[in-house]
1. Looking at the stretch 22-41, which of its residues are among the charged types (D, E, K, R) and modelled with pLDDT of 95 or more?
2. If we scan the stretch 205-213, do we find a residue that is over 28 Å from HIS95 (Cα atoms) and not charged (D, E, K, R)?
3. Would you point out the residue of the stretch 60-76, among those that are of a type in the set (Val, Ile, Thr) and out of contact with any Ser or Thr (no Cβ under 7 Å at 6 or more places or on another chain), that is modelled with the lowest pLDDT?
4. Taking only pairs six or more apart or across chains, which ones have beta-carbon atoms under 8 Å, a first residue in the stretch 219-246 that is at pLDDT below 95, and a second residue that is surrounded by 19 or more Cβ atoms within 10 Å (Cβ to Cβ) and polar (S, T, N, Q)?
5. Could you list, in sequence order, the residues of the stretch 179-189 that are farther than 30 Å from ILE17 by Cβ and surrounded by fewer than 17 Cβ atoms within 10 Å (Cβ to Cβ)?
6. Of all residues in the stretch 201-246, count the ones that are more than 19 Å from GLN143 (Cα to Cα) and in a helix (DSSP H, G or I).
7. Of everything in the stretch 212-230 that's within 30 Å of ALA14 (Cα to Cα) and in contact with a helix residue (DSSP H, G or I) (Cβ under 8 Å, 6 or more places away or on another chain), which residue is surrounded by the most Cβ atoms within 10 Å (Cβ to Cβ)?
8. Can you tell me which residue is most open to solvent (accessible area, probe 1.4 Å) among those in the stretch 8-47 that are part of a loop (DSSP other than H, G, I, E, B) and without any contact (Cβ under 8 Å) to a residue 60 or more places away in the chain?
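The values are calculated or read from the model by the stated rules, or taken from the named source; none is laboratory data. Not measured: the values here are computed from a predicted model. As a convention, Cβ positions derive from the backbone with ideal geometry for all residues, glycine included, and neighbour counts pool all protein chains shown. Heads up: the accessible areas ignore ligands, DNA and RNA and are worked out on the full protein's heavy atoms, side chains in. Shrake-Rupley method; radii C 1.70, N 1.55, O 1.52, S 1.80 Å.
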Amino acid sequence: MGSLVCVGTGLQLAGQISVLSRSYIEHADIVFSLLPDGFSQRWLTKLNPNVINLQQFYAQNGEVKNRRDTYEQMVNAILDAVRAGKKTVCALYGHPGVFACVSHMAISRAKAEGFSAKMEPGISAEACLWADLGIDPGNSGHQSFEASQFMFFNHVPDPTTHLLLWQIAIAGEHTLTQFHTSSDRLQILVEQLNQWYPLEHEVVIYEAANLPIQAPRIERLPLANLPQAHLTPISTLLIPPAKKLEYNYAILAKLGIGPEDLG
């Protein structure tokens, strides 16, 4: 029987992969990869020479292609190997289950067909963000949304917490054929966020480092300047709290606790 394990390689080349995930790669019959650059790809082939790069399924040479079709082709390639009885590994950049629908689709289908399939976690961009910015999200809490989903649906942020908007570089893009947004769309997002955050409120564009010799990108700017910012596919928008936490006096009274007891 074939099997499938989806593993995360972490954000930094070679240094953030778990011992268990590395072992799965080394002992696999075939490894499918979705990694950000040639350095990562070459490192992977040193662990296991039988690697198939799933990047080939993305639109090539100016072709217009819906990403749903791309993901379907990737999943089919992975499942074909599992059905052929191979110990199959899919190695994905960062965490294999965060903004990575291919892994979830492949595991679900493999299980539905009776194959062993599971996921091993990896270090995500969010984990790197908290470390690089020196923020403990437990102090005030945090909310996290994909940027376009935040725009399309009635999400209501809590301005007393940290707000993360992922894939900000394609905010407002709904066709699944483009990999960039526009300043007009970002201006609409700014106007939306202005319901809860002042235009002068400082936000952060964050990009985790891919290589040990790189530094993370931490660019601070007023919310109003977001439409003119340089964004890349790995840009994340962090919006720090704009208000202080407010006491829930009704619950504190029921618990017999006073605000002074909370330090």
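1. Result: ARG22, GLU26, ASP29.
2. No, the stretch 205-213 contains no residue that is over 28 Å from HIS95 (Cα atoms) and not charged (D, E, K, R).
3. My answer is THR70.
4. The qualifying pairs are PRO233/GLN167.
5. SER182, SER183, ASP184, GLN187, ILE188
6. Of the residues in that region, 5 qualify.
7. That would be PRO216.
8. ASP29
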